[in-house]
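A.B. asks: Can you keep this structure in mind? I'll have questions shortly.
No lab work stands behind these numbers, since they all come straight from the coordinates. Predicted model only: the values in this text are computed from it and were never measured. Glycine gets a Cβ as well: all are built from the backbone with ideal geometry, and neighbour counts include every protein chain shown.
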Amino acid sequence: MNIYLITIIIAYILVVAFGYWLDFLNLSHLKKFGSVIPPEFEGQIDGSLLSKTRDYNVEHTKFGFVSSGFDKIVTLLFIFVLLNIYNSWIESLDFPFILTGLVFFILLTYAETVISMPFSLYNTFKIENKYGFNTMTFKLWVMDTFKSLIISTIIMGLLISAALFLISKSPELWWLWVWSFFLAFEIFMMYISPYVIEPLFHKFTPLEDEELESGIREIMGKAGIKVSRIFKMDASKRTKHTNAYFTGIGKVKRIVLYDTLIEKMDRGEIFAVLAHEVGHWKKKHILKRIIQIEVIALVAIYMSWYFLKSEFLIELFSIDTSSFFAKLILLSFIASIVSFPFGPIFNWVSRKHEDEADRYSFDLTGSGGSMISALVKLSKDNLSNLHPHPLYALFHYSHPPVLERIRKIKKFR
């Protein structure tokens, strides 16, 4: 075992250990402060609900220890033992290059789906049921899983086939062509997903409350956004969690409200939540995020092209039969280690965008009161951890902790 491989193994162990330490740190912090009612929640939450919130987060964290631990063991087992066997078997089939890649990656996707099923079932029907969130039947879970697998197979098949075709036709410039194709496909999916994929899982109906719809259109009009349709989604068939979102590209948007959101929030709170989403569009956060992701993707694909040209990874991990696909798996494994320290940077940018969207919501609605009450309700309904450890939040929170958000909104006044 050479020094490079030893370094990779040690780095992976350190990353995993640090992640578990963060979880333990957050769990200890929750147990210490979880019974403290913040001033912002006085009169809104009682001791029993706070205890339920603490128990829910503790149980999720402990479940995460088990599920992620199992995932890490399977990953190491596959990389250092099974990949060599699997790769040799796939190569022995002597399929054409594109077909080989399809079989290689789709079989791995199916295996990952099967392995993760027990954890998904336990989380959905044990933990989420226990705390009153899950409303999904087992039959619906099976149908969703089956549909997701079919859709992912079709999309993966298209992406893999096109990417491997470009790789085979342009060995020196495929990194640029593959990146361009993925970007075009992503934009294409943003257009068709609301009309083709989302209706396969949810039922969308026009908003029945004419007064609510009129108010939403008035808010959107103030922001200069034209709304084509406003829909209610039957989220309650699967969960009691609440949400709202925009779909569409350009000036014309579709607004989707969870039926659970309409049920639990008053109109002012709904307007404030939607104004927050408008803030993301008006501040060009979506565009900035796409540019950020695509720049990183371009650099990553170029570096992949550079490393995949050599046999370094094959020799380093002692793979018997050299293949492009085995190299790609090994490179992805190393990339997961290298990318870990950048997580806090991306989260910081995301949290900054959330602050800007909160500010925009305040300016558009003329008050922060409804946004604050909406955040309090969301935290109560979702049993959100009101006391995350700052270091844990740094690595895991794409949104500022709720107390931090509420205190900033109060300063807007």
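A.B. asks: Which trypsin sites (Lys or Arg not before Pro) in the range 109-203 sit in a loop by DSSP (not H, G, I, E or B) and have at most 16 other Cβ atoms within 10 Å of their own Cβ? Let's see the in-between values first.
C.D. replies: Values: sites: 126, 130, 139, 147, 169, 203; in loops: 203.
Here the trypsin sites (Lys or Arg not before Pro) that fit, given the DSSP loop and packing criteria, are 203.
A.B. asks: What is the magnitude of the charge dipole of the range 198-318 about its Cα centre, with +1 placed on the Cβ of each Lys and Arg, -1 on the Cβ of each Asp and Glu, and no other charges, expressed in debye to the nearest 20? Please list the in-between numbers first.
C.D. replies: Working: 20 positive and 16 negative charges, 84 e Å.
In debye, rounded to 20, the range 198-318 gives about 400.
A.B. asks: Now a separate question. Report the Cα centroid-to-centroid distance between the range 74-145 and the range 320-361 in angstrom, as an integer.
C.D. replies: 21
A.B. asks: Tell me, 66, 227 in order of fewest to most beta-carbon neighbours within 10 Å? Could you put the intermediate results ahead of the total?
C.D. replies: On the way: 66 11, 227 18.
Fewest-to-most Cβ neighbours within 10 Å comes out as 66, 227.
A.B. asks: Once Lys and Arg get +1 and Asp and Glu get -1 on their Cβ, which of 247, 312, 400 lies farthest toward the positive end of the dipole of the chain?
C.D. replies: Checked the options; the winner is 400.
A.B. asks: Sticking with this one: Using θ = phi - 60° and the Karplus curve 6.51 cos²θ - 1.76 cosθ + 1.60, what whole-Hz ³J(HN,Hα) does each residue of the range 50-64 get, with Gly and Pro shown as x?
C.D. replies: 5, 5, 4, 4, 4, 4, 4, 5, 5, 5, 5, 5, 5, 5, x
A.B. asks: What number results when the radius of gyration of the range 342-413, computed over Cα atoms, is divided by 2.2 N^0.38 Å?
C.D. replies: Numbers: Rg = 12.4 Å, N = 72, 2.2 N^0.38 = 11.2 Å.
For the range 342-413, the normalised Cα radius of gyration comes out at 1.11.
A.B. asks: At a 10 Å Cβ-Cβ cut-off, how would you order 371, 220, fewest neighbours first? Working shown, then result.
C.D. replies: Details: 371 25, 220 21.
Ascending number of Cβ neighbours within 10 Å: 220, 371.
A.B. asks: Let me ask something else. If you take the Cα atoms of the chain, find Rg, then find the Kirkwood Rh from the mean of 1/r over all pairs, what is Rg/Rh? Mind dumping the intermediate values first?
C.D. replies: Details: Rg = 23.7 Å, Rh = 24.2 Å.
Over the Cα atoms of the chain, Rg/Rh equals 0.98.
A.B. asks: Let me ask something else. Quick one: what are the phi-derived ³J(HN,Hα) couplings along the range 146-155, Karplus 6.51/-1.76/1.60 with θ = phi - 60°, whole Hz, x for glycine and proline?
C.D. replies: Rounded to whole hertz, the list is 5, 5, 4, 5, 5, 5, 5, 5, 5, 5.
A.B. asks: Report the extension gain between residue 71 and residue 320 in nm, rounded to one decimal, defined as 0.36 nm multiplied by the number of residues separating them, less their alpha carbon distance. Please report the intermediate quantities before stating the final value.
C.D. replies: Working: separation 249, 0.36 × 249 = 89.64 nm, distance 2.51 nm.
Length gained between residue 71 and residue 320: 87.1 nm.
A.B. asks: Between residue 35 and residue 188, what FRET efficiency comes out of the Förster formula 1/(1 + (r/R0)^6) with R0 = 51 Å and r the beta carbon distance, rounded to 0.05? Mind dumping the intermediate values first?
C.D. replies: On the way: r = 50 Å, r/R0 = 0.98.
Working from the Cβ atoms, E equals 0.55.
A.B. asks: What is the packing order of peptides 132-138, 188-194, taking the mean over residues of other C-beta atoms within 10 Å and listing the highest first?
C.D. replies: Numbers: 132-138: 14.9, 188-194: 12.7.
Ranking the peptides 132-138, 188-194 by packing returns 132-138, 188-194.
A.B. asks: Among the trypsin sites (Lys or Arg not before Pro) in the range 279-361, which ones are in a DSSP loop with at most 13 other Cβ atoms within 10 Å of the Cβ? Mind listing them? Provide the component values of the computation, followed by the final result.
C.D. replies: Numbers: sites: 282, 283, 284, 288, 289, 309, 327, 351, 352, 359; in loops: 283, 284, 309.
Sites meeting the loop and neighbour criteria: 284, 309.
A.B. asks: Can you work out the Karplus-derived ³J(HN,Hα) for every residue in the range 8-23? Use 6.51 cos²θ - 1.76 cosθ + 1.60 with θ = phi - 60°, whole Hz, and x for glycine or proline.
C.D. replies: With the stated coefficients, the range 8-23 comes to 5, 5, 4, 4, 5, 4, 5, 5, 5, 4, 5, x, 5, 5, 4, 4 Hz.
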